[in-house]
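Below: the structure, in structure tokens.
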Amino acid sequence: MEDTITAISTPPGQGAVALLRMSGDRAVEIAQKLFRGGRCALAEFPPRQQVLGTIVDAGGDSIDRVLLTVFSAPASYTGEDTVEISCHGGILVAGSILEALVAAGARPAEPGEFSKRAFLNGKMDLTQAEAVMDLIAARTSLALRSANRQLEGKLGQRVNELREELLGALAHLEAYIDFPEEGIDPESSEGICGRLIEVAKVARDLVATAEEGRILREGLAVVIAGLPNAGKSSLLNVMLGFDRAIVSETAGTTRDTIEEMINVKGIPVRLIDTAGLRQTEEQVEREGVDRAQRELKGADLVLHVMDASLEKVEQTGFTEEESVVGRRILVLNKVDLGVHPSWEKVDGIRISCTQGSDIDLLVEAIFKAAGREGLNFGSEMIAVNARHRECLERACKHSEKAAELLSGGESPEFVAIDLREALDAIGSIVGKADTEELLGEIFSSFCIGK
Ligand SMILES: Nc1nc2c(ncn2[C@@H]2O[C@H](COP(=O)(O)OP(=O)(O)OP(=O)(O)O)[C@@H](O)[C@H]2O)c(=O)[nH]1
Ligand SMILES: [Mg+2]
């Protein structure tokens, strides 16, 4: 972390302003080399106050008029001295300033390096650093709220509580390891077991939110499928609100899968239009059908579109395997043309894409189907990601194993192995996976003399 790093923090492209960031011990010194303006040297200028001036290149030619702000360590995002430069938002302007900063001694930052430094400098734990990315990537209000909770440290807090429990249990065990002649009395053993089982339970509850986490971060995969000409592409278009896919009366129009993100009452949904399912000799269409079938395999939900104006056929286009996919909504389309009597008793959502009628019923059904996945993560809105899930599952397994060994009368050394594994797994969630702290814990909170 000795380098001073810099990057353009705003997205590439043309805009009113762009922002460059520079962080590290030499940030102020490097900025000073290129900055002309202000009533005093930047090092003396009050932090967090903008100063107007000009950035010049190595030859002294001005690049742009800018507003510059100094954040003195540790009161900055990274915890280091940081300089932010707001310039005009042109690709060349921001790029030239970046080049000048690098020429003056800064190093181009790697992706996520500012947040990584924030973590290493103790500004945030790992879950919070991850939440920064979630926040930026959030596409619905629900995803945003969940990311914000995590950024506030809610998940970190819960994980730290688990960690404390494990550390406490381990501290107890360590004492017995140090004085083996004493042996663990049954009461202590029971107490430790109870703690471990409780940790495993809470960890498992958190694991259960991983599905919500996945949906909020990646979106619910909703695949529109069915026979050719049923109106699948029309459905995609009407749900998107613009003509994204080609619609035509020719069966077999869509070949490539077409994916767009929509917002279903706060739930991000990846809506995927596919080729009509039918046997075909035509090579390109067959590739389309293959692609449709691949999407169906990864679907969270299938919107099975049928033409309700035609007589109901047993042939659905789905293979036997696809037909048993549990989550499917039958969509009976083209009701404006009249519904064929054979559909009378069939349970499905009746819509017309051309008239846009009852699409809201379908949206409601999608929302409900997503709800079945349990998008109910309580008021705390904690929804773990895949990494957290893996760590939590590991912690769960080892806590339970340790409890089992302990209650089976295993020696404390043996039990401690699993306990440390559990602790390591839990610690990796927030980025504390060392055993250094354990020593402190043992001697500060534990009375050896018992
Ligand atoms: N009357 C009526 N026609 C519709 C409706 N929805 C779609 N259509 C028509 O049905 C035809 C096929 O629509 P598409 O959306 O292309 O059907 P598709 O399922 O995507 O077809 P493929 O891509 O070939 O599998 C077009 O002529 C649409 O205008 C509807 O609700 N009512
Ligand atoms: Mg189509």
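The values are calculated or read from the model by the stated rules, or taken from the named source; none is laboratory data. Just so it is clear, the model here is predicted, and its values are computed rather than measured. With ideal geometry, Cβ positions are generated from the backbone for all residues, glycine too; neighbour counts draw on all protein chains shown.
Data overview
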{"quantity": "Extreme residue, farthest from Leu236 (Cα to Cα), among residues of the stretch 335-360 that are β-branched (Val, Ile, Thr), more than 10 Å from ligand 1 (Cβ to nearest atom) and assigned to a loop (DSSP other than H, G, I, E, B)", "calculated": "Val346"}
{"quantity": "Residue check, Val223 under 22 Å from Lys265 (Cα atoms) and surrounded by 17 or more Cβ atoms within 10 Å (Cβ to Cβ)", "calculated": "yes"}
{"quantity": "Filtered residues of the stretch 47-74 (kept if more than 17 Å from Ile97 (Cα to Cα) and without any contact (Cβ under 8 Å) to a residue 12 or more places away in the chain)", "calculated": "Ala73"}
{"quantity": "Residue match in the stretch 277-297 (condition: buried (at least 17 other Cβ atoms within 10 Å of the Cβ), under 21 Å from Ser357 (Cα atoms) and out of contact with any helix residue (DSSP H, G or I) (no Cβ under 6 Å at 6 or more places or on another chain))", "calculated": "no"}
{"quantity": "Options Leu392, Leu406; residue that is more than 30 Å from Glu152 (Cα to Cα) and part of a helix (DSSP H, G or I)", "calculated": "Leu406"}
{"quantity": "Count of the stretch 256-289 residues which are in contact with an Asp or Glu (Cβ under 8 Å, 6 or more places away or on another chain), among the aliphatic types (A, V, I, L, M) and under 16 Å from Val238 (Cα atoms)", "calculated": "3"}
{"quantity": "Conditions (1) more than 16 Å from ligand 1 (Cβ to nearest atom); (2) in a strand (DSSP E or B): number failed by Gly194", "calculated": "(2)"}
{"quantity": "Index of the failed condition, Asp256 passing every other in (1) within 15 Å of ligand 2 (Cβ to nearest atom); (2) under 26 Å from Ala369 (Cβ atoms); (3) surrounded by 15 or more Cβ atoms within 10 Å (Cβ to Cβ); (4) of a type outside the set (Ser, Thr, Tyr)", "calculated": "(3)"}
{"quantity": "Scope the stretch 39-77; condition out of contact with any helix residue (DSSP H, G or I) (no Cβ under 8 Å at 6 or more places or on another chain), in a strand (DSSP E or B) and hydrophobic (A, V, I, L, M, F, W, C); matching residues", "calculated": "Leu52, Leu67, Phe71"}
{"quantity": "Lone qualifier among Arg21, Arg36 - being assigned by TED's automatic domain parsing to the domain that holds Gly89, modelled with pLDDT of 95 or more and within 15 Å of Gly95 (Cβ to Cβ)", "calculated": "Arg21"}
